[in-house]
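Input: a single structure, listed below in structure tokens.
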Amino acid sequence: QVQLVESGGGLVQPGGSLRLSCATSRSIFSIALMGWYRQAPGKQRELVARIASGGSTNYADSVKGRFTISRDNAKNTVYLQMNSLKPEDTAVYYCNAWVGSDYWGQGTQVTVSS
């Protein structure tokens, strides 16, 4: 099993930045894929970004060039740096780990509003 704990959400103005963190309960090297998903009210959960154990990344088209996923192996933590935030980025953001099965964090709210 994998426990995931997210942090870093909050309220930010359009054009601002936030960094989300996801701390894992096991070595990040043992996790094949880690990612960030988001779910806005009335919408389905969608992939935002993910990073494989080998370091390759992929992003949703809507966040390319604005968001960056990275990881700190020593801290067993994955980050999502979000820049140039837009109101449409408002959602609950969930950390995900795939280790044969999907594991999810509790979610952290990101609100982009003036």
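The values are calculated or read from the model by the stated rules, or taken from the named source; none is laboratory data. Keep in mind that this is a model prediction, so the values were computed, not measured. Cβ: placed from backbone, ideal geometry, glycine included. Neighbour counts: every protein chain shown. Quick note on the areas: whole protein, heavy atoms, side chains included, nothing else; ligands and nucleic acids left out. Shrake-Rupley method; radii C 1.70, N 1.55, O 1.52, S 1.80 Å.
Things to note:
- Net charge, Val5 excluded, C-beta distance under 13 Å - Lys, Arg +1, Asp, Glu -1: +1
- Under Karplus coefficients 6.51, -1.76 and 1.60, residue-wise ³J(HN,Hα) of the range 30-44 in Hz, glycine/proline x: 8, 9, 5, 9, 10, x, 10, 10, 9, 9, 8, x, x, 10, 7
- For a label point 7 Å along the Cα-to-beta-carbon line of Gln109, residues of the range 22-45 with backbone N under 17 Å: 38-43
- Hz values of 3J(HN,Hα) by residue in the range 67-77 - Karplus curve (6.51, -1.76, 1.60), Gly and Pro given as x: 10, 9, 9, 8, 9, 10, 5, 5, 9, 6, 9
- Which of Glu6, Glu88 is most accessible, then next, and so on - probe 1.4 Å: Glu88, Glu6
- Reported value for the range 38-84: 95 Å³ per residue, from the convex hull of its C-alpha atoms.
- Spin-label model, Ser17 to Leu47: label points 7 Å out along the Cα-to-beta-carbon direction sit 2.6 nm apart.
- Calculated P(r) tail over 17 Å for the chain, as whole % of Cα pairs: 49 percent
- For the chain, the solvent-accessible area works out to 51 Å² per residue, with a probe of 1.4 Å and every protein chain left in place.
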